[in-house]
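These notes concern the structure reproduced below.
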Amino acid sequence: MVNLPLAIIQAVVLVSIAPLVTGIIRKLKALLQSRRGPPIWQPYYDLQKLFRKDSIVSHDASWLTRITPFVCMTAMLLAALLVPAFTTSSLGFLGDLIVLVYLFAMFRFFMALAALDAGSAFGGMGSSREMMVSSVIEPAILMAIFSTALLTGTTDLSGIANTLATSGWELVVPSLFLGFGAFFIALLAENARVPVDNPATHLELTMIHEGMLLEYSGKDLALMELSSMMKLVLFLAIAWSAFFPWGIATQLTLGSVALGLLVFALKLIALVVVIALIESSMAKMRLFKLPNLLTVSFILAFLAVMSFYVL
Amino acid sequence: MATIDNNLVNGLAALVLLAAFALVASQRMQTIVRVFALQSLALGLLAACVAYITGYSHIYIVAALTIVLKALLIPRILTYVMQRIQVTKEVEPSVNTPSSLLIAGALAVVAYYVTEPLIMVGTSITKNVLALSLAVLLIGLFVMITRRKAITQVIGLLVMENGLFMAAISITYGMPLIVELGIFFDVLVAVLIMGVFVFRIKGTFETLDTSFLRRLRD
Amino acid sequence: MIEVLVLIPVLTAVACYFLNRRHWIELASTLGAGLLMAASVAISYQVFTSGPIQEGIFYLDQLSAYMLMLVAFVDFLVAIYSVGYMGKEYEEKLFGLGRLRAFYSLLQVLVFTMVLVVCSNNLGIMWIAIEGTTLASAFLVGFYNTENSLEATWKYIIICSVGITLALLGTILAYASLVVLVPGESGGALDWTTLVQAAQLKQLDPTILRISFILVLVGYGTKVGLAPMHTWLPDAHSQAPTPISAMLSGVLLNCAMYGILRFHIITSAQIGPGFSGTLLLLFGVLSLAVAATFIILAKDYKRLLAYSSIEHMGIVSLGFGIGGFFGIFGALLQMLNHAVTKSLLFFGSGQVLLKYKTKDMSEVSGMAKVMPVTATLFLAGALAITGCPPFSIFLSEFTILYGGLTTDHLLVSALYLFFLAVIFAAFMYHVGKMVFGTPSQPLPRGEVSRICVSVMIVLVVLTVVLGVFIPTFLNDALTQIVHLFSGGAA
């Protein structure tokens, strides 16, 4: 069921906690590396600072660079409306998971294209690497989520979450675990996490995502940063609600929504801890070895679909 | 409840298949031996689940043997051999990892199509595991063919045996106990003999790369 | 009674391992082999006159008894020959006493596993025994520990183990074809007797049975040396010590064939002989083609003999594939004749190796002048193996040809004749160059070992005798076996 106000509240919550999630990851990484690290609210302060500043655009850039931050932000806001995080009421009728995947694709496409726009070397390099990564990851994401769509008989993400949450043990099949594994690797790849990309680096040898952001400043940069953070939160939300959505609020009562919020917070923290652990314990993979990891994700997703048919 | 048990069995079977893929994706010798041990452990647990569901207690013995022999003893033997001959850490594949993974995926699809008519016949709670076991068999064969180090060929053979065992459990709840015992004994002796020969190969050829074994030809 | 039979080689192996004087070891080995031969004759007589024996996990019907006789006979000859051959190499200090002991006891272990193959009722135990033959012979093939023999042994172990694993899957599926329609653990469902009875009552699942046979054919076919799974055979049979080569070529290939035949009988009983027969035909013709090609190209005379083994196993497979009375009769006779003749040839090649110290054919010539008796026997063996009358192989190959022509397998018969002709020409060319001409090296004239030569003489006589007439008891025995195969009418 779709409760419009609840869905909008869910989207607003997702947008507002995005910087917090990033802040928590950074803090955890710092603690694991025996540093004090910045406070967890630091991303809010950074965004605040950036919104106050002017943005400078290169002379060689076209209209593309000017509209990209807005396009990306819009895509992410729309996606936030579509993703069920702590309640299954979302504007699913606006678009199912295929639309969702393509909203992310639009985000990636514009970001990559705009990075080429300014004509700098770093941007072009970042774009080409991003495209290489996504060429393997996108089919993996599609297949992983499709496996759950096959399982539940609908491609609407909130429908999937609803069915999985209310079916108990019968639908706990190996497909879910395989798909989750594939999706988690895709999460690391798409959101520029170690071992695919280092989000804290600015060395040209090692950056993919950061390379594409180099040309932005001021408000534009703020928008791009915020949309990247939202992408991370959305991926985390999809990871849980498409595969293991138990605890999500399927009814409109206050109690179940509160429970849903609590469970969602716990799930987020769990995954965030895992990401921080991975980032602190592994080194970034060398670029030509990336296809190994990405193909593993693809194969896991493929197995998820296959085990749906076989088992 | 039947469905939980079913799902548990299917889950373990999927884990066995996953281990086979992990074997293809591994790039270090130690990882391969550990993944094999994990696969054998999952297989033993699978056998134990089947024993619990069907009530045939002789399968418990077979499950215990699988775990002791294949998850504990044989990996120890292999690690010992590797340490003694100081084998280099990398697996030397002749097909690179992403392609190997894709080929393994294709083999899994082939296994599914081959076993589809078989699955339709007869009734058994684990018959759909047959497709996965054939996939593991084919992937084991693939690993044997495309990895050049002698020890990886031995592991490929052992993975084939794992797939076989899973197939036996899935179609017929295992075979008579004496046959299973004999098979285990054979596998153990085979591993020991292969270990001896790996020693000799390293001693004579100074390398474990079997692409050096090309002297005999017409 | 059968337990005694199976125990004899084990006891002999133990004895050979613990004795520590060379002549005692040789004595023990020969005695053990002789004892096995005597016991086999006794049991086989009983089977052929009063029908199959079934005791627990053992089951001996006419086919088993025939194979048992083959194993025991070749084992006896090899044991005697080894005394001469390995004794000679031991005297030349090629290896020490410990290795000699290992050789004799491992040989008996190999015989034990082969006896187990032919005596067991349970197909699972048969599989274990066949895998056991691979493992037992591994050390024997790698006996000399050179680079070449290591390579040969590794290929042998790996390729045969892969094949046997596939055969195990086939065995499991055969078990499943009965059990899947009646789920639950049926302890007897792996017994050959149970499966054959069920097949005759058409109780097995045909699809599963078909897949099972294909797997068994490919799997055990690897051990038989059928192309394209034959790649290990030339290496293993040429690098092994000569007595072991004779053992491997003579009986081990036949034992693996026996495994295939057991499944062939089950499958034929259920769905008729067409399916399995056609597959056997295919592999047989392919093996003939491959063997012919490589015999032309051969440079090492032991590899030449190995390819000849591939050829003859192909002919056996062809015979069983053609089916009918004459096809099967001929194939069975071929198994015997090949064992006798190939052993003769390998024994002869052993003498050549001891004398010329090289396996390269281009370096061997003038055998007739250096060791005339051996050369004559070797030449006779070569004529025999390529199918010349009046030797035995001509008779069995002709029977198969007759079977092929009378059952409308005209293309196959034509191909068969063609490849036989090609192999005859190439083989005789190579052997001719070895036997005639001037000696390549100045070597002392004289036979290498009298024991070895005596064994070879016995074999030649046997080949000629069998080539001229088939004794009545053999005829009856083979006819009884043919009736085991459905489709073996008349």
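Summary of values
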item	result
Some residue of the range A:98-116 being over 15 Å from the mean Cα position of the chain (by Cα), of a type in the set (D, E, K, R) and crowded, with 19+ Cβ neighbours inside 10 Å	no
Residue count for the range B:120-138, restricted to those that are of a type in the set (Lys, Arg) and modelled with pLDDT of 85 or more	0
Unmet criterion (only one of (1) more than 7 Å from chain C (Cβ to nearest Cβ); (2) modelled with pLDDT of 85 or more) for B:ALA167	(1)
A:TYR216 vs. criteria over 28 Å from B:ALA14 (Cα atoms) and either crowded, with 23+ Cβ neighbours inside 10 Å or at pLDDT below 90 (or both)	yes
Residue match in the range B:206-217 (condition: out of contact with any strand residue (DSSP E or B) (no Cβ under 7 Å at 6 or more places or on another chain), of a type outside the set (Phe, Trp, Tyr) and more than 18 Å from B:ARG148 (Cβ to Cβ))	no
Matching residues in the range A:243-267 - criterion: being modelled with pLDDT of 90 or more and surrounded by fewer than 17 Cβ atoms within 10 Å (Cβ to Cβ)	A:LEU262, A:ALA265, A:LEU266
Selection count where residues are more than 30 Å from C:GLY321 (Cα to Cα), hydrophobic (A, V, I, L, M, F, W, C) and out of contact with any Leu (no Cβ under 6 Å at 6 or more places or on another chain), scope the range C:368-401	7
The one condition in (1) hydrophobic (A, V, I, L, M, F, W, C); (2) within 23 Å of C:GLY250 (Cβ to Cβ); (3) over 24 Å from the mean Cα position of the chain (by Cα) that C:VAL6 fails to fulfil	(3)
Within the range C:133-171, tally of residues that are β-branched (Val, Ile, Thr), closer than 29 Å to C:LEU5 by Cα and at the interface with another protein chain (Cβ under 10 Å from one of its Cβ atoms)	5
Enumeration of residues in the range A:260-310 that are within 12 Å of chain B (Cβ to nearest Cβ) and outside any helix (DSSP H, G or I)	A:MET285
Candidates B:LEU102, B:LEU78, B:LEU72 - the one that is surrounded by fewer than 17 Cβ atoms within 10 Å (Cβ to Cβ) and more than 14 Å from chain A (Cβ to nearest Cβ)	B:LEU72
Any pair with Cβ under 6 angstrom, 6 or more apart, that starts in the range B:12-32 at a residue that is more than 10 Å from every other protein chain (Cβ to nearest Cβ) and within 15 Å of B:GLY105 (Cα to Cα) and ends at one that is polar (S, T, N, Q) and assigned to a helix (DSSP H, G or I)	B:VAL16/B:GLN39; B:ALA19/B:GLN39
Qualifying position, being within 25 Å of C:PHE326 (Cα to Cα), in a helix (DSSP H, G or I) and in contact (Cβ under 8 Å) with a residue 24 or more places away in the chain, among C:LEU411, C:LEU415	C:LEU415
Within the range A:135-240, helices (runs of 4 or more DSSP H) holding 2 or more residues that are under 21 Å from A:VAL310 (Cβ atoms) and within 14 Å of chain B (Cβ to nearest Cβ)	A:174-190
Residues within the range B:159-197 that are touching a Pro at 6+ places or on another chain (Cβ under 9 Å) and not in a helix (DSSP H, G or I), tallied	1
Test: residue in the range C:261-273 that is within 20 Å of C:SER161 (Cα to Cα) and aromatic (Phe, Trp, Tyr)	yes
Listing of helices (runs of 4 or more DSSP H) fully contained in the range C:199-285 that carry 1 or more residues being hydroxyl-bearing (Ser, Thr, Tyr) and over 26 Å from C:ASN145 (Cβ atoms)	C:206-224, C:253-271
Residue among C:PHE48, C:PHE76, C:PHE58 that is in contact with an Asp or Glu (Cβ under 9 Å, 6 or more places away or on another chain) and over 19 Å from C:GLY259 (Cα atoms)	C:PHE48
In the range B:126-152, the residues that are away from chain A (no Cβ under 14 Å) and closer than 16 Å to C:LEU166 by Cα	B:LEU137, B:GLY140, B:LEU141, B:VAL143, B:MET144, B:ILE145
Every residue from the range C:46-96 that is closer than 18 Å to C:LEU332 by Cα and aromatic (Phe, Trp, Tyr)	C:PHE48, C:TYR66, C:PHE73
Selection count, the range C:431-452, where residues are surrounded by fewer than 20 Cβ atoms within 10 Å (Cβ to Cβ) and assigned to a helix (DSSP H, G or I)	4
Of all residues making up the range C:79-132, the number that are within 14 Å of chain B (Cβ to nearest Cβ), closer than 16 Å to C:THR12 by Cβ and charged (D, E, K, R)	0
Enumeration of residues in the range C:89-101 that are in contact with a helix residue (DSSP H, G or I) (Cβ under 7 Å, 6 or more places away or on another chain) and aliphatic (A, V, I, L, M)	C:LEU97, C:LEU100
Qualifying positions in the range B:198-218 - crowded, with 20+ Cβ neighbours inside 10 Å, in a helix (DSSP H, G or I) and either more than 8 Å from chain C (Cβ to nearest Cβ) or not aliphatic (A, V, I, L, M) (or both)	B:VAL198, B:THR210
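Residue-wise test of (1) outside any helix (DSSP H, G or I); (2) touching a residue at least 60 places away in the same chain (Cβ under 8 Å); (3) over 23 Å from the mean Cα position of the chain (by Cα).
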position: A:ILE8; (1), (2), (3): no, yes, no
position: A:THR22; (1), (2), (3): no, yes, no
position: A:ARG35; (1), (2), (3): yes, no, yes
position: A:TYR45; (1), (2), (3): no, no, no
position: A:ILE56; (1), (2), (3): yes, yes, yes
position: A:VAL71; (1), (2), (3): no, no, no
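The values are calculated or read from the model by the stated rules, or taken from the named source; none is laboratory data. Values in this document were obtained by computation on a predicted structure and should not be read as measured data. Because the Cβ atoms are built from the backbone with ideal geometry, glycine has one as well, and the counts that use them run over all protein chains shown.
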